[in-house]
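One structure is given below, encoded as structure tokens.
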Amino acid sequence: MWRIKCLTEQFGPCGIGWYYKTVEKWTETVGDETCAFVMIELYVLYDGKWSQPISGTGGSRLATNERSGVYVSDECYKMATTDALSVACKNLGIGADVYWKEGKTKYDQTGSASNELSNTDISALRSYMKTNGLDEKKVLEKYRLTSISQLTIGNVKAITDPKNLEYFQRNCGE
């Protein structure tokens, strides 16, 4: 549900700002277990245009041999679909903070020796946010941080990217 909430916040309601299609469902058996798999294509509306398909494949156990006998899940395809949606959402960066401790990764490197914000960077970011009607506290909440100095240079690039301004104004506006 959290990913669905994120998709809805960023793109609008399902069916209007985003949707997915089930492309394929299948099962595979290995040993005593049978797993169900689902492949989906996620589509999002961005700048008035529908995206290319964002694929995701997910799986869940259908039948498992347990002590008391074979357990069969009647929700395996639903769980596999949820997993597939999660995989597709990763390509949009949804849930990235779960995978990247404190928002800092090797991918945030900018060629400089340090990835920390200087006082000049912080001052410029605050000025940008004020000019564009962004609430600092709300921006920090989006990144699950408590201080502006915890933002990475990569975060600042995302916040100040003109393509992201409308998103930040909608979700972090004053």
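Quick one: what pairs do we get from the range 39-60, first residue free of Cβ contacts under 8 Å to residues at least 12 places away in the same chain, second assigned to a strand (DSSP E or B), C-beta under 7 Å, 6+ apart or different chains?
As it stands, the answer is 50/43; 51/43; 51/44, since those pairs meet every condition given.
Each row is one residue, and each column tells you yes or no for (1) under 21 Å from the mean Cα position of the chain (by Cα); (2) modelled with pLDDT of 85 or more; (3) at positive phi; (4) surrounded by 13 or more Cβ atoms within 10 Å (Cβ to Cβ).
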{"position": "112", "(1), (2), (3), (4)": "no, no, no, no"}
{"position": "126", "(1), (2), (3), (4)": "no, yes, no, yes"}
{"position": "138", "(1), (2), (3), (4)": "yes, yes, no, yes"}
{"position": "152", "(1), (2), (3), (4)": "yes, no, no, yes"}
{"position": "172", "(1), (2), (3), (4)": "yes, yes, no, yes"}
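So which of 20, 43, 71 is of a type in the set (Phe, Trp, Tyr), modelled with pLDDT of 95 or more and over 30 Å from residue 156 (Cα atoms)? Let's see the steps before the verdict.
On the way: 43 fails: over 30 Å from residue 156 (Cα atoms); 71 fails: modelled with pLDDT of 95 or more.
Answer to the selection: 20.
Please determine, by comparing only the residues of the range 74-93 that are in a loop (DSSP other than H, G, I, E, B) and touching a residue at least 24 places away in the same chain (Cβ under 8 Å), which one is farthest from residue 142 (Cα to Cα).
From the range 74-93, those in a loop (DSSP other than H, G, I, E, B) are 74-75, 91-93; that's our starting set.
Narrowing the set further to residues that are touching a residue at least 24 places away in the same chain (Cβ under 8 Å) leaves 91-92.
Working: 91: 18, 92: 15 Å.
Going through the qualifying residues, I end up with 91.
Restricting attention to the range 31-50, and to residues there that are within 19 Å of the chain's Cα centre (by Cα) and more than 17 Å from residue 86 (Cα to Cα), which single residue is surrounded by the fewest Cβ atoms within 10 Å (Cβ to Cβ)? Step through it out loud before you land on a result.
Taking the range 31-50 as the starting set, the residues that turn out to be within 19 Å of the chain's Cα centre (by Cα) are 39-47, 50.
With more than 17 Å from residue 86 (Cα to Cα) added as a condition, the list becomes 45-47, 50.
On the way: 45: 14, 46: 15, 47: 6, 50: 11.
Taking the candidates together, the pick is 47.
Need pairs with beta-carbon distance below 8 Å; first residue under 17 Å from residue 47 (Cα atoms) and within the range 153-174, second outside any helix (DSSP H, G or I); sequence gap 6+ or separate chains.
Matching pairs, first to second residue: 165/132; 168/132; 168/134; 169/132; 169/133; 169/134.
The values are calculated or read from the model by the stated rules, or taken from the named source; none is laboratory data. Quick caveat, the model's predicted, so the values are computed rather than measured. Note that we place each Cβ from the backbone using ideal geometry, even for glycine, and neighbour counts take in every protein chain shown.
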